[in-house]
Amino acid sequence: MTALQTIFLVSVFIVSLILNVSFTAIVIVHKALHQEDIMLNLVLTVTNICFSALSNIPNIASVVNGGWPLGKVFCYVDGTMNFFLAISRHAFLLAITMDRFGLVMYPFSFRRHRSKTAAVILLVGVLYSAAVSIVFNANVVGCYNFDQNVEILIGDLYTLVPIADALVVWRNRDVKECAIAACRRMRQVLQNHAFGNNY
C-alpha cells in the first residue's frame, strides 16, 4: 500500500503541476488573455499550485518516512496554509460561478460593471476572508496526524482537486488557441534548429 500510495501521490503531483503551470504560463505570456474571467481562473490556478505543493509533498514525505518527518511546528504551519488555500479555492470558485452567471443572465449590463479594479478588490476580499476564517476555526486548523496512513481511495482523492480545476479552466477556447499556437511555434523552432544542425 505504501508503494502504491507513493506512486499515486507523485503522479497526481506531476500531472497537477504540468496542467496548472502550463495554464499560468500561457495566460501570463499572451496579453490577449488578460481578461477578467481568465484572470479569475489564473488566481484559482495559482492557488491550486500552492495547494498541490503544500498537500502532496508533505504527504509523500510522510508516506515514505512512515510518519511526519519535519517537526510539529512545520506540521502546524502546513496544516494552516492548507486550510487557508482550501477556503480561498472555494471562494474563487464561487466568484467564477457568479461571474459566469452574470454574463449569461445579463450579458450587456454585467459587462459594463466588470473591471480589473473590481477583480483586485474581489481577490483581496477573498484572501482576507480566508485569513479571518482561520481565526474562527483555530480548533480545527493545525497539525494533521501524518503518522496514520490515509487510505488511498478516501483521503488522497482530495489531491485530485487541482487536476479537476485545471481541466475545467483549460476548456476556455481562447486559452486553447494560444496554447496550440505556442506549441506550433515551438515545433517550428525545434525543426529549424534540427535542420540547421544537419548542415
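The values are calculated or read from the model by the stated rules, or taken from the named source; none is laboratory data. Just so we're clear, the structure is a prediction, and the values are computed from it rather than from any experiment. Methodologically, a virtual Cβ is constructed for each residue, glycine included, from the backbone with ideal geometry; neighbour enumeration extends over all protein chains shown. To get the accessible areas, we keep the full protein, side chains included, count just its heavy atoms, and leave off ligands, DNA and RNA. Shrake-Rupley method; radii C 1.70, N 1.55, O 1.52, S 1.80 Å.
Here are some notes:
- Taken across region 54-66, residues that are assigned to a helix (DSSP H, G or I), modelled with pLDDT of 75 or more and farther than 26 Å from Leu9 by Cβ do not occur at all.
- Of all residues making up region 72-89, the number that are of a type in the set (D, E, K, R) and either closer than 9 Å to Pro58 by Cβ or touching a Phe, Trp or Tyr at 6+ places or on another chain (Cβ under 7 Å) (or both): 2
- Between Leu19, Leu40, Leu44, the distinction of being under 16 Å from the mean Cα position of the chain (by Cα), open to solvent by 30 Å² or more (accessible area, probe 1.4 Å), under 28 Å from Ala182 (Cβ atoms) and touching a residue at least 24 places away in the same chain (Cβ under 8 Å) belongs to Leu19 only.
- Checked against (1) in contact with a Lys or Arg (Cβ under 6 Å, 6 or more places away or on another chain); (2) farther than 22 Å from Val168 by Cβ; (3) of a type outside the set (S, T, N, Q), Glu36 passes all but a single condition, namely (2).
- Taking region 67-88 as the range and being open to solvent by 30 Å² or more (accessible area, probe 1.4 Å) and either in contact (Cβ under 8 Å) with a residue 24 or more places away in the chain or within 30 Å of Val120 (Cα to Cα) (or both) as the test, the residues that pass are Trp68, Lys72, Tyr76, Val77, Met81, Phe83, Phe84, Ile87.
Residue-wise test of (1) at pLDDT below 80; (2) in a helix (DSSP H, G or I); (3) under 22 Å from Leu9 (Cβ atoms).
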| position | (1), (2), (3) |
| --- | --- |
| Trp68 | yes, no, yes |
| Thr80 | yes, yes, yes |
| Phe83 | yes, yes, yes |
| Arg100 | yes, yes, no |
| Pro107 | yes, no, no |
| Thr117 | yes, yes, no |
| Ile121 | yes, yes, no |
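- Test: residue in region 54-66 that is crowded, with 20+ Cβ neighbours inside 10 Å, more than 18 Å from the chain's Cα centre (by Cα) and either farther than 29 Å from Arg171 by Cα or without any contact (Cβ under 8 Å) to a residue 40 or more places away in the chain (or both): yes
- Meets criteria (under 16 Å from the mean Cα position of the chain (by Cα), surrounded by 14 or more Cβ atoms within 10 Å (Cβ to Cβ) and not small (Gly, Ala, Ser)) for Leu33: no
- Selection status of Tyr128, over 18 Å from Ser16 (Cβ atoms), touching a Cys at 6+ places or on another chain (Cβ under 9 Å) and modelled with pLDDT under 75: no
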